[in-house]
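Here the structure is laid out as structure tokens; the discussion comes afterwards.
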Amino acid sequence: MKLIITDLKDFNLPVEGPHKIIKPQSDIRHCIGCFGCWIKTPGKCVIHDGYENTGIDMSKCSELILISRCCYGSTSPFVKTVQDRAISYIHPDFVLRKGEMHHKRRYRNVISLSAYFYGEAITETEKKTARSLIHANADNYDAQVGAVRFYRSVKELEDIAL
């Protein structure tokens, strides 16, 4: 399954195959760092606002696709908040990967992480930062990096094939 996290309320790009789209539909609350998703309800956020199953959704996907406005080389606040709320996707215990300390996998699936950023004037520095961020996220998820692309407008996104 493809899991698409986007900040576009009116997301209507065609997606091939099974997929789920997480987009702004209601207010999303920020992760409060309570670790309830690791201890009390493993894999599921304890905050019930409609976004509590993102970690579980990630466990069912083979592709995680972020579609976001580029904000200083990062994802938009909405997409970042969804990712923060999905910390339950990983296990609280640690392992060494590529000589760095990371959380263990909680699930067996291997994700391919792609990102499609849009914005009128994304600088080369912001693009470099965004690429580094996606690679770091992939390391944290024990995932593979897919496409990382940049577009000047939401309209240009209509040409991508998901």
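So which of Val95, Val79 ends up being more than 12 Å from the chain's Cα centre (by Cα) and among the aliphatic types (A, V, I, L, M)?
Val95
Filter the stretch 78-106 for residues that are without any contact (Cβ under 8 Å) to a residue 24 or more places away in the chain and within 12 Å of Ile5 (Cα to Cα) and give the result.
Lys80
Being closer than 24 Å to Lys104 by Cβ, out of contact with any Asp or Glu (no Cβ under 7 Å at 6 or more places or on another chain) and crowded, with 18+ Cβ neighbours inside 10 Å is the filter here; which residues of the stretch 1-21 pass it?
Ile5, the sole residue that qualifies.
Condition (residue is within 16 Å of Asn137 (Cβ to Cβ), in contact with a Leu (Cβ under 6 Å, 6 or more places away or on another chain) and in contact (Cβ under 8 Å) with a residue 40 or more places away in the chain) applied to the stretch 24-35: is it met by at least one residue?
So far as the stretch 24-35 goes, no, none of its residues is within 16 Å of Asn137 (Cβ to Cβ), in contact with a Leu (Cβ under 6 Å, 6 or more places away or on another chain) and in contact (Cβ under 8 Å) with a residue 40 or more places away in the chain.
Return the residues of the stretch 143-162 that are open to solvent by 50 Å² or more (accessible area, probe 1.4 Å) and either within 20 Å of Asp84 (Cβ to Cβ) or free of Cβ contacts under 8 Å to residues at least 40 places away in the same chain (or both); say none if nothing qualifies.
Gln144, Val145, Arg149, Arg152, Lys155, Glu156, Asp159
Of all residues in the stretch 39-53, how many are touching a residue at least 40 places away in the same chain (Cβ under 8 Å) and closer than 27 Å to Gly146 by Cβ?
Total meeting the criteria: 3.
Listed here are the residues, each with its yes/no results for (1) under 17 Å from Leu3 (Cβ atoms); (2) over 12 Å from the mean Cα position of the chain (by Cα).
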{"site": "Arg69", "(1), (2)": "no, yes"}
{"site": "Arg108", "(1), (2)": "yes, yes"}
{"site": "Tyr116", "(1), (2)": "yes, no"}
{"site": "Ile122", "(1), (2)": "no, yes"}
{"site": "Ser132", "(1), (2)": "no, yes"}
{"site": "Phe150", "(1), (2)": "no, yes"}
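Could you check how many residues of the stretch 141-159 are under 21 Å from Thr123 (Cα atoms) and assigned to a loop (DSSP other than H, G, I, E, B)?
Residues meeting the conditions: 3.
Between Ile5, Ile32, Ile56, which is modelled with pLDDT of 95 or more, β-branched (Val, Ile, Thr) and under 23 Å from Thr129 (Cα atoms)?
Ile5
Being outside any strand (DSSP E or B), more than 21 Å from Ser74 (Cα to Cα), touching a residue at least 12 places away in the same chain (Cβ under 8 Å) and of a type outside the set (Asp, Glu) is the filter here, so list the residues in the stretch 1-20 that pass it.
Within the stretch 1-20, Met1, Leu13, Pro14, Val15, Gly17, Pro18 meet the criteria.
Is there a residue being within 15 Å of the chain's Cα centre (by Cα) and within 22 Å of Met1 (Cα to Cα) anywhere in the stretch 38-52?
Yes, the stretch 38-52 contains a residue that is within 15 Å of the chain's Cα centre (by Cα) and within 22 Å of Met1 (Cα to Cα).
The values are calculated or read from the model by the stated rules, or taken from the named source; none is laboratory data. Keep in mind that this is a model prediction, so the values were computed, not measured. All Cβ positions, even for glycine, are placed from backbone atoms using ideal geometry, and neighbour counts span all protein chains on display. Ligands, DNA and RNA are stripped out before the accessible areas are found, and what is left, the full protein with its side chains, is counted by its heavy atoms. Shrake-Rupley method; radii C 1.70, N 1.55, O 1.52, S 1.80 Å.
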